[in-house]
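First comes the structure, then the notes that go with it.
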Ligand code: SF4
């Protein structure tokens with residue numbers, strides 16, 4: 001709930017609106033999990049609230065820890081659905097990779113979540129619970145909406161969650177700590193760019209529309225060239241940044257021809273390209289590109305004034321690619 005909703009909830013229990021502000025502080029700043037801990041709210045008021053509402057924080061049902069410190073959490077999302085979050089430690093950072101939907105309807109062929117199909121939207125509580133219920137809740141430094149699902153396909157909920165994460169009465173995070181990733185859902189992307197100040201990451205993966213379409217059906221509805229035209233209408237030279245995710249597949253998108261086409265596509269745009277190692281999934285025709293090909297690709301982009309880095313691969317020993325663990329769990333249950 002937002003602050004106005006918490007105030008209304010207090011009033012619905014015949015309590016003063018300021019109790020709503022106290023609730024926001026306990027839920028989002030202090031992140032307590034029980035009514036008893038809310039000690040500046042009277043016992044009778046807590047009882048009235050508990051009779052009508054639930055706090056809703058629930059623990060993960062599974063955890064896998066990588067030798068590199070990456071942790072994958074598994075959550076139940078009701079109706080036999082499971083979702084995942086991945087906590088990635090990195091020197092002075094702890095980044096949470098968050099899921100926004102149960103499954104996904106975008107059908108990208110290289111993605112295990114896409115293969116699961118769509119099993120419904122997550123609500124704001126499901127998404128915030130990923131932040132609140134994990135061991136690192138108090139020390140998280142960043143969040144990326146790059147877990148299961150397409151965040152812009154759940155835009156109203158995303159807006160609500162980002163509002164709670166960035167409000168002074170909420171988590172009080174700067175929008176600069178949050179990156180939302182999309183494959184390019186054009187109408188919602190325009191709203192996102194108009195309404196939000198968080199960073200944007202776009203899953204690009206291939207600069208040639210017909211080749212991109214062979215792995216990403218979304219290309220048919222929203223051409224990557226239109227996505228880029230929209231992005232070029234906005235300013236990314238200040239606080240807000242845009243990056244492009246480019247998973248590298250051997251023999252599909254890892255050669256000079258693709259690098260040059262990507263350079264042409266992004267020329268003049270203030271951005272970064274992240275090259276991503278592909279975690280192999282079953283029954284998929286391409287393997288990860290070689291390190292040599294990735295380095296040559298990176299160097300070619302950097303030589304043409306497009307900032308490009310190879311993202312270090314994390315948590316391979318715990319199947320950190322999204323959708324693997326939850327898919328296994330759903331099959332077992
Ligand atoms: Fe959905 Fe993202 Fe997987 Fe594509 S890559 S199917 S948008 S979760």
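The values are calculated or read from the model by the stated rules, or taken from the named source; none is laboratory data. A quick note: this is a predicted structure, and the numbers were derived from the prediction, not measured. Counting neighbours? That spans all protein chains shown, and the Cβs are built from the backbone with ideal geometry, glycine included.
The table below lists the values:
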{"quantity": "Pick from the range 32-52, criterion in contact with a helix residue (DSSP H, G or I) (Cβ under 7 Å, 6 or more places away or on another chain) and crowded, with 16+ Cβ neighbours inside 10 Å, ranking: nearest to residue 9 (Cα to Cα)", "calculated": "49"}
{"quantity": "Number of the condition not met by residue 217 [criteria: (1) within 11 Å of the ligand (Cβ to nearest atom); (2) crowded, with 19+ Cβ neighbours inside 10 Å]", "calculated": "(2)"}
{"quantity": "Matching residues, the range 187-207, being within 16 Å of the ligand (Cβ to nearest atom), over 15 Å from residue 244 (Cα atoms) and more than 17 Å from the chain's Cα centre (by Cα)", "calculated": "187"}
{"quantity": "Out of 162, 140, sole residue that is touching a residue at least 40 places away in the same chain (Cβ under 8 Å), assigned by TED's automatic domain parsing to the domain that holds residue 190 and more than 12 Å from the ligand (Cβ to nearest atom)", "calculated": "140"}
{"quantity": "Meets criteria (surrounded by 16 or more Cβ atoms within 10 Å (Cβ to Cβ), within 25 Å of the chain's Cα centre (by Cα), within 16 Å of the ligand (Cβ to nearest atom) and modelled with pLDDT under 95) for residue 224", "calculated": "no"}
{"quantity": "Filtered residue count, the range 101-137, keeping only those that are at pLDDT below 95 and more than 16 Å from the ligand (Cβ to nearest atom)", "calculated": "0"}
{"quantity": "Count - residues of the range 73-82 that are surrounded by 21 or more Cβ atoms within 10 Å (Cβ to Cβ) and modelled with pLDDT of 95 or more", "calculated": "2"}
{"quantity": "Tally, over the range 165-186, of residues that are over 30 Å from residue 220 (Cβ atoms) and within 16 Å of the ligand (Cβ to nearest atom)", "calculated": "0"}
{"quantity": "Residues of the range 138-156 satisfying the condition of being over 13 Å from the mean Cα position of the chain (by Cα) and crowded, with 17+ Cβ neighbours inside 10 Å", "calculated": "140"}
{"quantity": "Search result, residues across the range 302-311 that are under 11 Å from residue 274 (Cα atoms) and either in a helix (DSSP H, G or I) or modelled with pLDDT of 95 or more (or both)", "calculated": "306, 307, 308, 309, 310"}
{"quantity": "Any chance residue 263 is closer than 20 Å to residue 180 by Cβ, buried (at least 16 other Cβ atoms within 10 Å of the Cβ) and in the same structural domain as residue 198 (by TED's automatic domain parsing)", "calculated": "no"}
{"quantity": "Given (1) assigned to a strand (DSSP E or B); (2) buried (at least 22 other Cβ atoms within 10 Å of the Cβ), number of the condition residue 181 does not satisfy", "calculated": "(2)"}
